[in-house]
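First up is the structure itself, then whatever we jot down about it.
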Amino acid sequence: MRQVRGSLPVYLQLTETLVRDIAAGRLVDGEKLKPERDMAVDMGTSIGTLRKALAELQNRGLLERIQGSGNYIRAASDPKSLYAMFRLERIAGGGLPTAEVLEVQRCEKPEEIAALGPSSVGHRIRRLRRLSGEVAAVEEIWLDGRFADVITREDLSESLYLFYRTRLGLFIEKAEDQIDLSIVPSWKPEAFAPAAGAPICHIFRKSWTAEGELAEVSRTWYDHRVARYVSRIR
């Protein structure tokens, strides 16, 4: 199976930033965007790259471009995003999620999740998550071992679910989140400010395929001073 590597193209990063701002209500239906030259400066990109991002937004039905007038937001009840299942946002709303892979290891599942999925082994993926560059969370994902023999750090893209679809033919269709308090794990990197062992907000997620098979479980510990958990009901 083919692999996708590295981060999203810059124009898609810009698109996803705008999509999440629409979802968060930071950009509202009918709002006129700044002139493209000003937007490009604000977003630290070139006019050409910005126009690619706006064209992608238009293709998703989230932007109307009126000749001689400008670009207008067309908000949707369910804006399509690569990060649709990533529920953390900046306190002010929105924010582009990025992921730094800390470790990928195939190993025996720990006792607490051993019964989740048919394989006794899983791929343990540990990542540091940022929102628009600010460190927000650490996460540990367990993908059931039956889906791949080997996964390396270099294989993974910014969107894990995009990697699942393009590399593994795995489509996550449903997830359940349980939110509680936990403690910061001992393996957390120095960049994550909360101290190991300190109380912290925690998300435990189980994810299923379209066929109803449990494929993945994950734990996310997030800094409430930086991020909040958001689930919108439309």
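Scanning the range 167-189 for residues that are in a loop (DSSP other than H, G, I, E, B), within 18 Å of the chain's Cα centre (by Cα) and surrounded by fewer than 15 Cβ atoms within 10 Å (Cβ to Cβ) yields a single hit, 171.
Only residues that are surrounded by fewer than 19 Cβ atoms within 10 Å (Cβ to Cβ), in contact (Cβ under 8 Å) with a residue 40 or more places away in the chain and within 21 Å of residue 163 (Cα to Cα): list them for the range 101-115, please. Residues satisfying the conditions are 101, 102, 103, 106. Restricting attention to the range 137-166, the residues that are open to solvent by 20 Å² or more (accessible area, probe 1.4 Å), part of a helix (DSSP H, G or I) and either in contact with a strand residue (DSSP E or B) (Cβ under 6 Å, 6 or more places away or on another chain) or not polar (S, T, N, Q) (or both) total 7. As a summary of the residue check, residue 169 satisfies the conditions (1) at positive phi; (2) in contact with a Ser or Thr (Cβ under 8 Å, 6 or more places away or on another chain) except for the one numbered (2).
Contact map, the range 186-207: first residue closer than 28 Å to residue 165 by Cβ, second residue of a type in the set (D, E, K, R) and open to solvent by 30 Å² or more (accessible area, probe 1.4 Å), Cβ cut-off under 6 Å, separation 6 or more or different chains; pairs are 202/180; 203/177; 204/219; 205/177; 206/176. For the range 199-234, a tally of residues being in a loop (DSSP other than H, G, I, E, B), modelled with pLDDT of 95 or more and open to solvent by 30 Å² or more (accessible area, probe 1.4 Å) returns 2.
When 94, 61 are checked against the criterion of being of a type outside the set (Ser, Thr, Tyr), assigned to a loop (DSSP other than H, G, I, E, B) and under 25 Å from residue 188 (Cα atoms), a single residue qualifies: 94. Residues of the range 12-50 that are under 24 Å from the mean Cα position of the chain (by Cα), in contact (Cβ under 8 Å) with a residue 12 or more places away in the chain and open to solvent by 40 Å² or more (accessible area, probe 1.4 Å): 13, 25, 26, 28, 29, 43.
The values are calculated or read from the model by the stated rules, or taken from the named source; none is laboratory data. Everything quoted here is computed from the prediction, not taken from an experiment. All Cβ positions, glycine included, derive from the backbone under ideal geometry; neighbour counts span all protein chains shown. When the accessible area is computed, the model is the full protein with side chains, heavy atoms only, and any ligands, DNA or RNA have been set aside. Shrake-Rupley method; radii C 1.70, N 1.55, O 1.52, S 1.80 Å.
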